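The values are calculated or read from the model by the stated rules, or taken from the named source; none is laboratory data. Given the structure is predicted, the values throughout are model-derived calculations rather than measurements. Note that each Cβ is placed from the backbone with ideal geometry, even for glycine, and that neighbours are counted across all protein chains shown. Protein only, heavy atoms only, side chains kept; ligands, DNA and RNA dropped before computing areas. Shrake-Rupley method; radii C 1.70, N 1.55, O 1.52, S 1.80 Å.
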Amino acid sequence: MPLIGIVEDDVNIREIQRYALKNSGFDVVEFQCGKELYQGMEQRMPDLILLDIMLPNEDGLDILTALRRNPSTKNIPIIMVTAKTTELDKVKGLDLGADDYMTKPFGVMELISRVKALLRRTGGEKEAAVLTNGQIVLDTEKRTVLAEGRSCELTYKEFELLKMLLLNRGIVLSRDKIMNQVWGFDYEGESRTVDMHIRTLRQKLGEAGSAIKTVRNVGYSMKN
């Protein structure tokens, strides 16, 4: 079932949302603030996010902006949930990239209807569920990887890195492009992060990892 991320600092409201979504068959993950959301997405990416505006430290509109700027999260369906009721507030959220808008208080049936409707609208055409190259088999839906028939336990970033390489077989990807795609434009780390993840990825893939080629002074490519 789709995973719904709830970003809400009010425990009571979050509990109502969780209860309604779980009773409708959805998987749910909860966050109290933007920082928790970013950390949670390192483990598993939600299929849709319910995002409150009034949050501690970083408000929902700033979080929305950051998600839309990041290539790995820019297409996640987002419903803004807020106590603000003016038309200007709604327009601002939609202009920043929100897909829908709900004003507190709201009924649980309305919440479920909007979530289901948005998931239907944004389902779109999916990428191939299984990507293969030689002895490497990556399942994008199950988020599993096989190398030479054995299971490989990859971190979230390692998985996304391998998926990017498989989707661009035979194409040389610069470190900057990999950083932007996998880590996001706002990431402030060093490009050596890519090299470190390539190294551990190759180790985990074993002999199959030799398909990842280093292009000197440029970046990496996946051999066809």
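Here is how the numbers come out for the structure above:
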item	result
Segment Val108-Lys142, length gained on full extension (0.36 nm per residue, minus Cα span)	9.3 nm
Whole-percent carbon and sulfur share, accessible surface of the chain, 1.4 Å	48
Overall form of segment 7-52 per C-alpha gyration tensor (a/c, 1.5; a/b vs b/c)	oblate
Calculated [θ] (222 nm, deg cm²/dmol) that DSSP helices of n ≥ 4 give over the chain, each run adding -39,500 (n - 2.57)	-11500 deg cm²/dmol
Accessible solvent surface per residue of the chain, calculated while the other protein chains remain in place, 1.4 angstrom probe, Å²	54
Debye, to nearest 20: dipole size of the chain, +1 on Lys, Arg Cβ, -1 on Asp, Glu Cβ	940
Value of Rg to Rh for segment 94-187 (Rh from inverse mean 1/r over Cα pairs, i.e. Kirkwood)	1.11
Point-charge dipole on Cβ atoms (K/R +1, D/E -1) for segment 1-133, about Cα centre, debye to 20	360
FRET efficiency, 1/(1 + (r/R0)^6) with R0 35 Å, evaluated for Arg169 and Met54 via beta carbons	0.15
